[in-house]
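The values are calculated or read from the model by the stated rules, or taken from the named source; none is laboratory data. Remember, it's a predicted structure, so these values are computed and weren't measured experimentally. Because the Cβ atoms are built from the backbone with ideal geometry, glycine has one as well, and the counts that use them run over all protein chains shown. What goes into the accessible areas is simple: the full protein's heavy atoms, side chains included, and nothing from ligands, DNA or RNA. Shrake-Rupley method; radii C 1.70, N 1.55, O 1.52, S 1.80 Å.
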Amino acid sequence: MEIKTITTQPFDDQRPGTSGLRKKVAQMQQPNYLENYVQSIFEILPELVGGALIVGGDGRFYNDIAIQTIVRMAAANGVKRLMVGQNGILSTPAASAVIRKFEAEGGLILSASHNPAGPDGDFGIKFNGHHGGPASETITEAIYKFSQSISSYKIVESHDIDLSTTGSQQLGEMEIIIFDPITDYADLMESIFDFDAIKAWITKGHSLRFDAMHAVTGPYATEILQKRLGAPADAIINGTPLSDFGGGHPDPNLVHAKVLVDELYSDGGPDFGAASDGDGDRNMILGNHFFVTPSDSLAIIAANAQLIPRYKSGINGIARSMPTSSAADRVAEKLGIEMHETPTGWKFFGNLLDAGRVTFCGEESFGTSSDHVREKDGIWAVLCWLNIIAARNESVAQIVESHWQEYGRTYYTRHDYEEIDLESAKGVMAHIESQFEALRGEARLGSKVKTADNFSYSDPVDGSQSHNQGLRIILENGSRVVFRLSGTGTVGATLRIYIEKYESRLEKLGEETQIALSELINFAEQISEIKQRTGRDAPSVIT
Ligand code: G16
């Protein structure tokens, strides 16, 4: 089979963000754009030559075309065994699970996560290594650097590969295995949780609703919730994956999963509700008339871990991203286990998980997971909650409220200003940082400013340093505002403001979040001049 070397030129916008390279579909479709990036990955990871590579994506528009390109380039670059999810489908956590199970050298995951899909939507690609997790910053920077001087890529000519039938086929020297993307992942879930207890809870007549948002988790939810756990068919809504996600925005939060939220808040609504995102790594947890913040979810799963078979003998530690609330810290303190605060991005948890220093990780951005994979895992989080609810025989609200009574409540909200002008966003950040020196030690909101800094992280396992990870203003009473520019958007800039306050007085645990945090919200708006500088009079999304 003839290997062709095609001449190309660099694109200057191929630096990966928080989670791989995410771009508008039209950008990805430019001649040689995807090819340049994929070739750069092969150049930086020589272990792929002669090795095994997993490929799959969330099924969004351009998934199938990109996979055919990757197949041809993998054959040209000497991959020995290419394993592709049937029909090109693999949720992100399932990809992580199969990389680990088959001990592949790595995987290419095609997704732009929660970003909308379709010809006018977004597309993305990222590399996960042998451990199943997102490549470290050192590797993604090396890939980017190579892409900036690339002059050619390698590809073979071939017909399109049939991705619809499981089995093995040959392309030149390379074996292609099309595998069922659901079963291995469902088996892994069954090995972690008490399926009998969850089944019994469902059989007793409790109702649940899972919103797959027309994205990748539909078939996973059908296999696990319906077939293995006995939930009725109407427990899954929007369960058919569509290449444009039905025109929706598959981000499981109070704004984009509104139909589900309204149902859970209606009279006679289900006992439990959950949603996942485009590629299946995010989750939102709801009870009847109740929303669980992702930060609380991490803390509560950790505090109840002994109820879940895999974690019954204890957990090693917890890690959370810096903007995630400190709720889990109090659980770690009580359990006497390690607690780590990392920059935003799942890749920063990899070393801690590999070293066995943490068992659970979580982020405020609706991501939670454990050491069973090296990605966040939406369905895993849903099963954690179902397992805990079944074991305690309590409602979501009862579980969360009793947690608050024991540990106190961390009121938490995130205000996003999406698609604002990049220069204005940089201006806001510079303006905040310019006030840091004056702010330190100042009396504010009945307390004193303890810390005003730009968060840096030193990885305790390999010593690598990451700077400029978000601006923090922390008061002595633990209240905090954090400002960060998102690394996953594809248009302009998205500025996120994270606000939290700790409360332990029992009579103050039941306030409405935005009201409880109103003073801090005003403080954040004043200090950032966000409205004046961006021309926006309100956040685009509040979660
Ligand atoms: C990705 C990362 C997460 C991160 C999130 C938000 O999630 O994997 O670790 O928290 O982006 O990042 P940002 O605030 O920079 O937009 P996903 O689900 O998009 O892959």
- Note on the structure: Wholly inside segment 266-331, strands (runs of 3 or more DSSP E) that include 2 or more residues that are under 23 Å from R357 (Cβ atoms) are 317-321
- Here the qualifying pairs (Cβ atoms under 8 Å; residues six or more apart or on different chains; first in segment 473-494 and at positive phi; second away from the ligand (no atom under 16 Å from the Cβ) and open to solvent by 20 Å² or more (accessible area, probe 1.4 Å)) come out as G478/S326; G478/K501; G478/Y502; G492/D421
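Okay, residues lined up against (1) in contact with a helix residue (DSSP H, G or I) (Cβ under 6 Å, 6 or more places away or on another chain); (2) open to solvent by less than 40 Å² (accessible area, probe 1.4 Å); (3) free of Cβ contacts under 8 Å to residues at least 12 places away in the same chain:
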residue: A430; (1), (2), (3): no, no, yes
residue: R440; (1), (2), (3): no, no, no
residue: R444; (1), (2), (3): no, no, no
residue: V449; (1), (2), (3): yes, yes, no
residue: F455; (1), (2), (3): no, yes, no
residue: Q465; (1), (2), (3): no, no, yes
- Among the residues listed as F179, F245, the single one being open to solvent by less than 60 Å² (accessible area, probe 1.4 Å), within 16 Å of the ligand (Cβ to nearest atom) and among the aromatic types (F, W, Y): F245
- Could you tell me which numbered condition S434 fails, if it satisfies all but one of (1) without any contact (Cβ under 8 Å) to a residue 12 or more places away in the chain; (2) touching a strand residue (DSSP E or B) at 6+ places or on another chain (Cβ under 9 Å)? (2)
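Each row is one residue, and each column tells you yes or no for (1) in contact with a strand residue (DSSP E or B) (Cβ under 7 Å, 6 or more places away or on another chain); (2) away from the ligand (no atom under 16 Å from the Cβ); (3) in contact (Cβ under 8 Å) with a residue 24 or more places away in the chain; (4) of a type in the set (D, E, K, R).
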| residue | (1), (2), (3), (4) |
| --- | --- |
| G17 | no, no, yes, no |
| Q30 | no, yes, no, no |
| Y33 | no, yes, no, no |
| F42 | no, yes, yes, no |
| V55 | yes, yes, yes, no |
| R60 | yes, no, yes, yes |
| V84 | yes, yes, yes, no |
| N87 | no, yes, yes, no |
| A95 | yes, no, yes, no |
- Query: Are any residues in segment 140-158 over 17 Å from V49 (Cα atoms) and among the aliphatic types (A, V, I, L, M), and if so, which ones?
  - Reply: A142, I150
- Single unsatisfied condition, E341 versus (1) open to solvent by 40 Å² or more (accessible area, probe 1.4 Å); (2) within 16 Å of the ligand (Cβ to nearest atom); (3) farther than 18 Å from D296 by Cβ: (3)
- Task: Select from segment 278-295 the residues that are under 16 Å from the mean Cα position of the chain (by Cα) and open to solvent by less than 10 Å² (accessible area, probe 1.4 Å) and write down the one among them that is farthest from the ligand (Cβ to nearest atom).
- Result: I285
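Residues being polar (S, T, N, Q), farther than 17 Å from L353 by Cα and within 15 Å of the ligand (Cβ to nearest atom): count how many of those fall in segment 97-145. Spell out how you get there, then give the answer.
Pass one, segment 97-145, residues polar (S, T, N, Q): 111, 113, 115, 128, 136, 138, 140.
Filter once more, keeping what is farther than 17 Å from L353 by Cα: 111, 113, 115, 138, 140.
From what's left, within 15 Å of the ligand (Cβ to nearest atom): 111, 113, 115, 140.
So the answer is 4.
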- Please determine, by comparing only the residues of segment 296-327 that are within 15 Å of the ligand (Cβ to nearest atom) and of a type in the set (A, V, I, L, M), which one is farthest from E406 (Cα to Cα). M322
- Query: For the subset of segment 492-517 comprising residues that are open to solvent by less than 50 Å² (accessible area, probe 1.4 Å) and small (G, A, S), which member is farthest from the chain's Cα centre (by Cα)?
  - Reply: A516
- Mind checking whether some residue in segment 384-407 is in a strand (DSSP E or B) and open to solvent by 10 Å² or more (accessible area, probe 1.4 Å)? no
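Conditions (1) assigned to a loop (DSSP other than H, G, I, E, B); (2) closer than 30 Å to H372 by Cβ; (3) touching a Gly at 6+ places or on another chain (Cβ under 9 Å); (4) open to solvent by less than 30 Å² (accessible area, probe 1.4 Å), marked per residue:
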{"residue": "P116", "(1), (2), (3), (4)": "yes, yes, yes, no"}
{"residue": "K126", "(1), (2), (3), (4)": "no, yes, yes, yes"}
{"residue": "G132", "(1), (2), (3), (4)": "yes, yes, yes, yes"}
{"residue": "T138", "(1), (2), (3), (4)": "no, yes, no, no"}
{"residue": "E141", "(1), (2), (3), (4)": "no, yes, no, no"}
{"residue": "I150", "(1), (2), (3), (4)": "yes, no, no, yes"}
{"residue": "D160", "(1), (2), (3), (4)": "yes, no, no, no"}
{"residue": "T165", "(1), (2), (3), (4)": "yes, yes, no, no"}
- Taking segment 265-277 on its own, how many of its residues are away from the ligand (no atom under 16 Å from the Cβ), surrounded by 14 or more Cβ atoms within 10 Å (Cβ to Cβ) and hydroxyl-bearing (S, T, Y)? 1
- Determine, yes or no, whether D262 is open to solvent by 40 Å² or more (accessible area, probe 1.4 Å) and out of contact with any Ser or Thr (no Cβ under 7 Å at 6 or more places or on another chain). yes
- Task: Select, from G367, G446, G378, G362, the only residue that is outside the structural domain of M213 (by TED's automatic domain parsing) and not basic (K, R).
- Result: G446
- Of the residues in segment 352-383, how many are open to solvent by 20 Å² or more (accessible area, probe 1.4 Å) and under 25 Å from V482 (Cα atoms)? 1
- Query: Can we say A332 is free of Cβ contacts under 8 Å to residues at least 40 places away in the same chain, open to solvent by less than 10 Å² (accessible area, probe 1.4 Å) and farther than 22 Å from T543 by Cα?
  - Reply: yes
- Query: Checking G205 against (1) at negative phi; (2) in a loop (DSSP other than H, G, I, E, B); (3) surrounded by fewer than 19 Cβ atoms within 10 Å (Cβ to Cβ), which test does it fail?
  - Reply: (1)
